[in-house]
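Read the structure below first, then the notes.
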Amino acid sequence: MITRREAALRLDIPLEMATRHGIPARMSEQEFGEFDANPPAWLQQSRANRTGKPVWVELRCDVCGFAEQARPKKWWPAFTYLTCDFHRLDELPVAAPGLYRREIDGIGSRFVAVVDERP
């Protein structure tokens, strides 16, 4: 059995869209396969309207490898590194000479983005 969230991830649609269009809270792999192979009109239209921007991204800690899927936010910068919020900065490689490092909290459920940039 897969959850509605897993179905949304696999279909690359927002969870809200999956709920709105009646994807059940749980479905079998076979039901999902049939749904994906014969998508309803709304899903066909969604796929046709894709802009290339992903609906879901994988966030992965560069220290321990913990990963989760999340909806990307417009305010997220281009990360140099991504770490769980409990790791220390000295667990990452040192910033290259001439770059300064800043941290952005609130990425996904537990991540801190590390951005190395020129002053």
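The values are calculated or read from the model by the stated rules, or taken from the named source; none is laboratory data. These numbers come from a predicted model, not from an experiment. Here Cβ is always computed from backbone atoms with ideal geometry, including for glycine, and neighbour counts include all displayed protein chains. For accessibility, only protein heavy atoms count, side chains too; no ligands or nucleic acids. Shrake-Rupley method; radii C 1.70, N 1.55, O 1.52, S 1.80 Å.
Show the residue pairs meeting these rules: Cβ distance below 6 Å; 6+ apart or different chains; first residue within region 69-89 and under 27 Å from THR3 (Cβ atoms) and open to solvent by 70 Å² or more (accessible area, probe 1.4 Å); second residue hydrophobic (A, V, I, L, M, F, W, C) and assigned to a strand (DSSP E or B).
ASP85/VAL112
Only one of GLU29, GLU16 is in contact (Cβ under 8 Å) with a residue 12 or more places away in the chain, under 16 Å from ARG4 (Cα atoms), of a type in the set (Asp, Glu) and exposed (fewer than 11 other Cβ atoms within 10 Å of the Cβ). Can you tell me which?
Answer to the check: GLU29.
Of the residues in region 41-68, how many are modelled with pLDDT of 90 or more, farther than 18 Å from LEU9 by Cβ and open to solvent by 40 Å² or more (accessible area, probe 1.4 Å)? Steps first, please.
From region 41-68, those modelled with pLDDT of 90 or more are 41-45, 56-68; that's our starting set.
If we keep only those that are farther than 18 Å from LEU9 by Cβ as well, we get 41, 44-45, 61-65.
Now narrow it down to the ones that are open to solvent by 40 Å² or more (accessible area, probe 1.4 Å): 41, 44-45, 62-64.
Residues meeting the conditions: 6.
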